[in-house]
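All remarks here apply to the structure that follows.
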Amino acid sequence: MSKEYQSESLSKEDFLNTVLKYNPHANTELIAKAYDFAEKAHKDQKRLDGRNHFLHCKEVAYMLIKLRLDTATISAGLLHDVVEDTPHTIEEIRKLFGPEVEYLVDSVTKTSNINIKSTEEERAENIRKIILATAKDIRVIFMKLADRLHSLRTLKYHRPENRTIISKETMEIYVPIAYKLGMYRIKSEMEDLCLRYMQPEVYQELKRKVAKKKEEREAEVKSIIAQVKQLLLHKGLKVTITGRAKNFYSIYKKMTKKGIPFDHIHDLSAIRVITDNSDDCYRILGIMHSTWKPLTKKFDDYIAMPKPNMYRSLHTEVIINGKPVEIQIRTWGMHHIAEEGIAAHWRYKETERDKQFDRRIAWLKQILEWRMSSSNATDFVESLKIDLFKDEIYTITPKGDLIPLPEKSTPVDFAYAVHTDIGDHCTRAKVNKEIAPLDHELKSGDVIEIITDKNAAPSRNWLKFVKTNLARSKIRQALGITGLETQPEEPKDEDSIIARIDHAKKSLLKLSKCCTPKYGDRIRGYNMKDGKIAVHREGCENLKQLDTKRTIQLSWKQEPKTNARIRIEVIDRSGLFQEILDVLTKNGIRIEAINTKTKKEKLYLLLEVKPVDIIPGVISSVKKIENVVGISVENPTA
């Protein structure tokens, strides 16, 4: 079986039998009709690898079959390139296969006619269309992920520069979406294939080193599985135990994040224990911890506290035969969700659909809620990347519902995540039954209670500390703030970050790899023997182990303040200035300086304010005040 075309050897009959194996209630008559139609339509078309184009369509559909998807999705997978690459029309698809298949094919077609030479804005617009279509029907992204994965499998037939473009886009958009949907099998393969083309030398070196240790590692895993299985069977537990090799990208990520060489990574493999019910998961955990020494801070209970993408398992690490061993413990149901993610929630009963399915993609609809207003597709995609990659914490409502949020979120972010009305009328918060300020930094496991008042309204000050785009969008909407916020660009590369550090000899500074300090973090320096100064975050575990006499205090350079000037032409009258100032201050505009000026018998009020405070709605309100003749905003001055 070819790695690139795993379904190539399957006859049509075998293909349909595979459908029934994964989905016994599928309509194989409709799928067979789609199979024949697509095969005939693509008859004379070849891909870059020289194979018939239909084999690509068949492979995409085969992946969808293995995700246990429904009849319409599998049929659309076979037909997904017909409208784009052949003379057949979307009207024919509707007539022959019905409106459901037509919608899926049309959605994928509308997000396919983009090529490598397209501009960044065109490619960004394509991504936006994919997200919009996905929010209407999640099956669109299943098809796009399968299509992209097979394209990655055959990427070696593309030109080198095209491989890099496709891999980069995949890592920035498709991989985090697969993670958010809990589709780990697809995510892991995508990561490895992208690493292969983005960092070919690193990939080949990793591949060589992993292969070198393969026999030794397999023997170790086999021995550990035998020991664990014997122990659990002796305790009367029915289990299936398998070895789990880490993918190349996760190894590479660990090496770069911790700044350690390959030889220092001892957990290249792990074992997975699968049982029938949750109670047995905890029994197995207890048996393992009482038999082998568990490592502290290496236990995670994702059964009691599932990840937002629905992933559930117990994770632990114990010492077996003198070496640390990672162990995952889960039920079969949890295993299917871990492998297939949200696709596992399609059930093959009367409707082939899990009734809770829509509730489980609330995060995707949330993304759209605060992104629909973005007129610029590039801005949309850049914001999407940020939100997809954010590390998450898991907070809890008083009723026990889990609310996932980005790290460093606040009670205001929590309030808006629960409901817009709760956010808009939020006055106070209790964190773990204690009153906490609204800008309090939340942590995983915190139980949050929001206290509301129907007369309360959002404060402009909240925009300074909220972390979620949803909260920021809703606050701005409630305050009537329009337009884009202008925020100083945060430096990301090492040179830009070092340039912001207040130190006379920046050439001596280098960012430490162990804690990767970012602009705005509290930082300290460590004088190394080579004369360089390693910049660490305060509280870095490695820094704590070093000689304190060689550490120095570091800080960030203060950015120069810039103000904008509002120039208001008026005809003087009693109380006019006070009326203007009332309008400005009630709308949260901070006045830095105020002057009056008379020129050619005209009176001017000159106000210096923060540029971020200037909003069109306030300018309009000032214009409506009696005796205000004109108003203008001048460029910021340092």
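The values are calculated or read from the model by the stated rules, or taken from the named source; none is laboratory data. It should be emphasised that the depicted structure is a prediction, and the values quoted were computed from it without experimental measurement. Using ideal geometry, Cβ is built from the backbone for each residue, glycine included, and neighbour counts are taken over all protein chains shown. Just so you know, the surface numbers come from the protein's heavy atoms only, side chains and all, with ligands and any DNA or RNA stripped out. Shrake-Rupley method; radii C 1.70, N 1.55, O 1.52, S 1.80 Å.
When LEU55, LEU64, LEU48, LEU79 are screened for being under 30 Å from ARG159 (Cβ atoms) and out of contact with any helix residue (DSSP H, G or I) (no Cβ under 6 Å at 6 or more places or on another chain), only LEU55 passes. Here SER290 meets each of (1) in a helix (DSSP H, G or I); (2) touching a residue at least 24 places away in the same chain (Cβ under 8 Å) with one exception, condition (2).
Restricting VAL202, VAL228 to those that are out of contact with any strand residue (DSSP E or B) (no Cβ under 9 Å at 6 or more places or on another chain), assigned to a helix (DSSP H, G or I), of a type in the set (Val, Ile, Thr) and open to solvent by less than 60 Å² (accessible area, probe 1.4 Å) reduces the list to VAL202. All conditions but one from (1) over 22 Å from SER7 (Cα atoms); (2) open to solvent by less than 30 Å² (accessible area, probe 1.4 Å); (3) touching a Ser or Thr at 6+ places or on another chain (Cβ under 7 Å) apply to ILE93; the one that does not is (3). Scanning region 418-429 for residues that are in contact (Cβ under 8 Å) with a residue 24 or more places away in the chain, in contact with a strand residue (DSSP E or B) (Cβ under 6 Å, 6 or more places away or on another chain) and open to solvent by 30 Å² or more (accessible area, probe 1.4 Å) yields a count of 3.
Listed here are the residues, each with its yes/no results for (1) surrounded by 13 or more Cβ atoms within 10 Å (Cβ to Cβ); (2) assigned to a helix (DSSP H, G or I); (3) at pLDDT 95 or above.
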| position | (1), (2), (3) |
| --- | --- |
| SER2 | no, no, no |
| GLN6 | yes, no, no |
| ALA72 | yes, yes, no |
| VAL83 | yes, yes, no |
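Taking region 231-274 as the range and being assigned to a helix (DSSP H, G or I) and under 15 Å from ILE327 (Cβ atoms) as the test, the residues that pass are LEU231, LEU232. If only residues of region 8-35 that are free of Cβ contacts under 8 Å to residues at least 24 places away in the same chain and among the acidic types (Asp, Glu) are counted, the one that is most open to solvent (accessible area, probe 1.4 Å) is GLU29.
Given the condition in a helix (DSSP H, G or I) and among the hydrophobic types (A, V, I, L, M, F, W, C), answer yes or no: does some residue in region 436-453 qualify? No, region 436-453 contains no residue that is in a helix (DSSP H, G or I) and among the hydrophobic types (A, V, I, L, M, F, W, C).
The single residue among GLU191, GLU218 that is open to solvent by 50 Å² or more (accessible area, probe 1.4 Å), on the phi < 0 side of the Ramachandran plot and in a helix (DSSP H, G or I) turns out to be GLU218.
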